[in-house]
Amino acid sequence: MREKARAALDPVRWDFFAGGAGEERTLRANEQAYERRRIVPRVLRGTGARDLRTTVLGTEMAMPVLIAPTAFHRLAHPDGEAGTATAARRTGTVMVVSMAATQPVEEIAATGAALWFQLYPQPDEAFQRYVVARAEAAGCRALVVTVDSPVLGRRERDLRNGFTDLPAGFACENMRDATGAVLSIAMDPALGWDHIARLRESTRLPVVLKGILHPADAAEAVRHGADGIIVSNHGGRQLDGAVATLDALPGVVAAAGGRVPVLVDGGLRRGTDVLVALALGADAVLLGRPVLWALAAGGAHGVQQMLETLRTDLDHTMALAGAKRPADLTPDLVA
Ligand SMILES: Cc1cc2nc3c(=O)[nH]c(=O)nc-3n(C[C@H](O)[C@H](O)[C@H](O)COP(=O)(O)O)c2cc1C
Ligand SMILES: O=C(O)C(=O)c1ccccc1
């Protein structure tokens, strides 16, 4: 799928989707962390047919894999976010809609997919409440608040290519205010935990903080009312040199202490990667670039094919490792 996407995409768009911050050390480290791990399988456990279904914060899913929020799907394929959502609906996968989506959340929701909505915390809290209300009204079932972006990462490929904004004819459709004007996504290094506490009070939806790496921040997140945590370094697009997410996962899981679900993203490419992340304590994982590659390669159908392939791969890997359910995946299965 990645090679098909590379062939299909304009090189500037390829660089935007593929690239990371700085030297791309963290981007590479995310995948390498999975390559380092080895599975220690159990035998003769009579798993029979596996059952990959799971429920996270009240949302049921066919497998413990969600679609990570990624910007600008219409730059990958004309099917756009609605195409990704159609694939999610057909495979029973949850899609996290990006605040930087190029279609309105109402149109994405019209596909019938189970959606969560991602938000960059906005210093204009009245506008933030307006966006949250819109996501709620469209039927989104959780808010994912991205906390690793006090400023935008330095993506050197984009700087070289002069890629600074969406081309003409595209817009961040969920950044429109009540008058229909499109506002810019603000990133504000002045924001602190009090902002999260107020956001928590402004919605009945579960609030999941995305971009936690330090165990002390996992504890702070729980203390400030977060309902879930996503261990993420933004796919290596924010702080280059940040720890690989798989290496950060056990510390965050220990700090969360079972009080809230812990999810992880970054570098997962195979069923074995999902197995390893779950064994090391994740309740579910998210996929970023694999979805973009599949969308670029084949639109909604490509994303559906990728998700079905991953599901088959995870099911097969679990059979070989002696696991019937996600809950059977424990740390002793990873060397
Ligand atoms: C092209 C691109 C755009 C992204 N846009 C967003 C975004 O709008 N909001 C967000 O929270 N994360 C965004 N991310 C980060 C992803 O949600 C996720 O953390 C990351 O892609 C996971 O790593 P992976 O691509 O190796 O699977 C983006 C990532 C990529 C590659
Ligand atoms: O989050 C990102 O990585 C990203 O590329 C993006 C794009 C547009 C607006 C905000 C973030």
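Here are a few things to note about the model shown:
- Every condition in (1) buried (at least 19 other Cβ atoms within 10 Å of the Cβ); (2) over 30 Å from Glu156 (Cβ atoms) is met by Arg259 except one, and the failing one is (1).
- Condition broken by Glu35, with the remaining ones in (1) open to solvent by 70 Å² or more (accessible area, probe 1.4 Å); (2) under 28 Å from Val147 (Cα atoms); (3) charged (D, E, K, R); (4) touching a strand residue (DSSP E or B) at 6+ places or on another chain (Cβ under 9 Å) satisfied: (4)
- For region 169-206, filtering for residues that are on the phi > 0 side of the Ramachandran plot and open to solvent by 40 Å² or more (accessible area, probe 1.4 Å) leaves 1.
- Members of region 13-32 that are in a helix (DSSP H, G or I), over 22 Å from Val274 (Cβ atoms) and open to solvent by less than 50 Å² (accessible area, probe 1.4 Å): Trp14, Asp15, Phe16
- Here Leu209 clears all of (1) in contact with a strand residue (DSSP E or B) (Cβ under 8 Å, 6 or more places away or on another chain); (2) assigned to a helix (DSSP H, G or I) except the condition numbered (2).
- Picking from residues in region 228-247 that are away from ligand 2 (no atom under 16 Å from the Cβ) and under 16 Å from the mean Cα position of the chain (by Cα), the one that is surrounded by the most Cβ atoms within 10 Å (Cβ to Cβ) is Val231.
- Restricting Pro78, Pro41, Pro69 to residues that are out of contact with any Cys (no Cβ under 8 Å at 6 or more places or on another chain) and either modelled with pLDDT under 95 or buried (at least 16 other Cβ atoms within 10 Å of the Cβ) (or both) narrows the list to Pro69.
- The lone exception for Ile67 - which of (1) within 13 Å of ligand 1 (Cβ to nearest atom); (2) more than 22 Å from Gly266 (Cβ to Cβ); (3) touching a Leu at 6+ places or on another chain (Cβ under 7 Å) it fails: (2)
- Yes/no for Thr330 being polar (S, T, N, Q), in contact with an Asp or Glu (Cβ under 9 Å, 6 or more places away or on another chain) and either modelled with pLDDT of 95 or more or surrounded by fewer than 23 Cβ atoms within 10 Å (Cβ to Cβ) (or both): no
- Hits in region 326-335 (condition: touching a strand residue (DSSP E or B) at 6+ places or on another chain (Cβ under 7 Å) and part of a helix (DSSP H, G or I)): Pro326, Leu333
- Region 95-138, subset of a type outside the set (S, T, N, Q) and over 18 Å from Arg176 (Cα atoms), residue nearest to ligand 1 (Cβ to nearest atom): Val96
- Some residue of region 157-165 being more than 16 Å from ligand 2 (Cβ to nearest atom) and either open to solvent by less than 30 Å² (accessible area, probe 1.4 Å) or not hydroxyl-bearing (Ser, Thr, Tyr) (or both): no
- Of all residues in region 280-332, exactly one satisfies the criterion of being within 15 Å of Arg74 (Cα to Cα) and basic (Lys, Arg), namely Arg289.
- For region 47-69, filtering for residues that are touching a strand residue (DSSP E or B) at 6+ places or on another chain (Cβ under 8 Å), in contact (Cβ under 8 Å) with a residue 60 or more places away in the chain and polar (S, T, N, Q) leaves 2.
The values are calculated or read from the model by the stated rules, or taken from the named source; none is laboratory data. Predicted model only: the values in this text are computed from it and were never measured. Heads up, the Cβs are rebuilt from the backbone with ideal geometry, glycines too, and the neighbour counts pull from every protein chain shown. The area values use the complete protein model at the heavy-atom level, side chains included, leaving out ligands, DNA and RNA. Shrake-Rupley method; radii C 1.70, N 1.55, O 1.52, S 1.80 Å.
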